[in-house]
Amino acid sequence: MSRIVVVGGGAAGLELVTRLGRSFGHKSNHEVTLVEPSSHHYWKPRLHEIAAGTFDTELDAVSYLQHATCNGYQYVQAAMAGLDRETKTLLLRNNSGQESALQYDYLVIAVGAVSNDFKTPGVSKHCLFLDSSDQAQQAWQQINPLLRAEGNHRISIVGAGATGVELAAELAKVSAKLQRYRHGAELDITLIEASDRVLPAGPECMSGKVQKALLKQGITVRTNTRVQRAEEGKLVTAEGEIIAADLQVWAAGIKCAEWLTQLDGLETNRLNQLKVDANLQPTFDSNIFVLGDSAECPQPDGSFVPPRAQAANQAAGHLARQFKRLLKGKSLQPFIFNDGGMVVAVGHDYAVGVLMNDKLVLRGRFVRNLYDTIFRLHQRVLFGWGRVTALVLLKRIKCALNPYYKGNLS
Ligand SMILES: Cc1cc2nc3c(=O)[nH]c(=O)nc-3n(C[C@H](O)[C@H](O)[C@H](O)COP(=O)(O)OP(=O)(O)OC[C@H]3O[C@@H](n4cnc5c(N)ncnc54)[C@H](O)[C@@H]3O)c2cc1C
């Protein structure tokens with residue numbers, strides 16, 4: 001009997017426990033446990049929809065408790081707070097602050113990453129973040145009154161990566177819809193980026209097309225603009241310029257939580273990601289695996305697996321197969337990320353994507369459908385095709401009957 005404990009039920013961790021639970025949970029004596037502080041799973045690349053009031057919680061949120069029961073794994077609602085590798089014990093802390101211990105034979109850490117404020121003064125106090133569903137809901141609670149008020153309101157978004165671009169475009173779309181209903185404010189959205197192009201971590205061929213689509217939606221894009229500090233109602237740039245706003249969102253860069261640097265000798269890089277080898281393991285502990293955004297995993301060409309949803313999903317599928325090998329006493333195979341391209345949504349009916357090693361750049365409504373397919377593939381792992389088909393049909397019907405802007409997320 002082996003106890004496999006997976007910490008973090010996000011894009012990587014939830015797919016992994018689903019696969020492992022189905023393989024081992026019901027019919028073998030291996031035990032699979034998910035440790036996750038939240039009660040529900042939200043697909044992180046859609047958090048901007050929660051912030052903009054367009055997310056359908058009824059259809060697209062997953063209850064961990066229910067999912068665990070149906071898929072053969074245990075769910076412990078708590079956060080990992082420490083590790084003792086010698087006794088193979090995790091320290092857990094629940095939402096009321098109570099501590100407990102959990103033992104493992106194999107531990108998988110998949111706790112993701114958060115935005116990086118690069119220690120910019122004032123950012124944590126004066127900016128909103130979109131790193132968790134709670135933060136996205138907090139953002140929505142502040143954006144909603146702005147959208148419904150009369151007059152003109154300004155929103156600044158720092159960071160023109162996928163998060164910043166998708167949020168800016170979604171807000172512009174919602175604002176335009178409300179204007180059509182002759183209700184609500186005009187939003188003046190400014191997207192601020194320190195580098196010389198939007199999507200600085202993506203292929204260059206995408207940036208121009210995405211920027212053009214943003215400008216067409218009335219969004220002001222400011223590249224080569226480094227924010228030096230944030231204050232109440234304003235951002236101050238390195239040149240001393242003041243960018244005033246009613247609301248400021250920080251969506252720049254990524255880094256992992258500080259506590260990962262204090263995990264019983266596990267090595268981290270400057271972004272606090274845990275360093276692993278190609279087998280997704282720290283070189284000196286064969287009972288631990290790390291995957292998704294919290295891992296720095298090398299690739300054969302010397303690069304590292306990128307912090308993207310697609311990479312997290314592939315790593316989860318790979319590790320599920322490796323566990324089957326491991327528990328049969330076979331050797332592990334390395335994880336090699338197969339980059340299937342990148343798609344970024346620019347509003348709910350337009351997206352830009354690159355495929356075939358950046359050779360093919362596509363844009364338009366059908367690319368937006370491709371973007372949705374990535375989410376549906378994630379749901380397929382969690383529920384199977386039958387339920388995903390039902391969800392897609394239900395969504396179509398609801399979209400035809402209900403307004404795009406829900407505005408009443410509970
Ligand atoms: C708004 C937004 C838009 C994005 N858009 C895209 C996109 O278009 N394309 C793309 O490829 N990527 C996108 N990303 C990035 C993508 O979401 C991540 O790369 C992906 O979710 C990483 O998966 P993960 O499993 O490593 O981490 P996550 O999905 O972040 O999951 C981590 C989980 O760990 C849990 N956790 C955290 N701390 C603890 C703890 N102490 N103990 C236990 N559990 C813990 C969290 O609650 C969470 O459930 C976007 C991200 C955001 C925020």
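Read-outs throughout are calculated quantities, based only on the coordinates presented, and are distinct from any laboratory measurement. As the structure is a computational prediction, the values presented were derived from the model and not from experiment. Quick reminder, even Gly has a Cβ in these numbers, built from the backbone with ideal geometry, and neighbours come from all protein chains shown.
Results, tabulated for the structure shown:
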read-out	value
D105/N152 FRET efficiency (R0 60 Å; Cβ-Cβ; nearest 0.05)	0.50
The stretch 248-285: chymotrypsin sites (Phe, Trp or Tyr not before Pro) in DSSP loop, at most 14 other beta carbons within 10 Å	F284
Cα-based shape type of the stretch 118-252, given that a ≥ b ≥ c are square roots of the gyration tensor eigenvalues and the cut on a/c is 1.5	oblate
Trypsin sites (Lys or Arg not before Pro) within the stretch 85-147, DSSP loop, no more than 14 other Cβ atoms inside 10 Å	K119
Under the Karplus curve 6.51 cos²θ - 1.76 cosθ + 1.60, θ = phi - 60°, whole-Hz ³J(HN,Hα) for the stretch 382-389, x wherever Gly or Pro sits	6, 10, x, 4, x, 5, 5, 4
Cα centroid separation, the stretch 339-374 to the stretch 147-176 (Å)	21
Net lengthening on full extension, I242/L271 (0.36 nm per residue, minus Cα-Cα)	7.5 nm
For the stretch 284-296, 3J(HN,Hα) per residue [Karplus equation, 6.51 cos²θ - 1.76 cosθ + 1.60, θ = phi - 60°, Hz, x = Gly/Pro]	10, 9, 7, 9, 10, 10, 9, 8, x, 4, 7, 10, 9
Calculated FRET efficiency for the pair S124/D264, C-beta based, R₀ 30 Å, to 0.05	0.60
Long-range HN-HN contacts of I254 with modeled amide H, under 5 Å	N116
Long-range HN-HN contacts of I109 with modeled amide H, under 5 Å	V7, F289, V290, L291
Whole-Hz ³J(HN,Hα) from phi, Karplus 6.51 cos²θ - 1.76 cosθ + 1.60, for the stretch 41-57, glycine and proline x	9, 10, 5, 4, x, 10, 4, 4, 6, 5, 5, 9, x, 10, 7, 9, 4
Listed peptides 187-195, 236-244 by packing density, highest first (mean Cβ within 10 Å)	187-195, 236-244
Highest average packing first - 296-304, 373-381, Cβ atoms within 10 Å	373-381, 296-304
Helix 204-216 vs. the chain, principal-axis angle (Cα, 0 to 90°, nearest 10)	40
Computed label-point distance, nm, for sites R180 and R365 using a 7 Å Cα→Cβ extension	1.2
Among G347, S133, P37 the positive-end extreme of the charge dipole of the chain (Cβ point charges)	G347
Computed helical MRE - 222 nm, the chain, DSSP H runs ≥ 4 contributing -39500 (n - 2.57), nearest 500	-10000 deg cm²/dmol
Residues with amide H under 5 Å from that of I189, placed H, sequence gap 5 or more	I155, T220
M1-L377 FRET efficiency (beta carbon distance; Förster radius 35 Å; 0.05 resolution)	0.60
Virtual paramagnetic centre 7 Å along Cα→Cβ of Q77, amide N under 14 Å, in the stretch 36-52	36-41
Pairwise centroid distance, computed over Cα atoms, of the stretch 29-99 with the stretch 274-331, Å	20
Sorted peptide list for 321-332, 137-148, criterion being average Cβ within 10 angstrom, highest first	137-148, 321-332
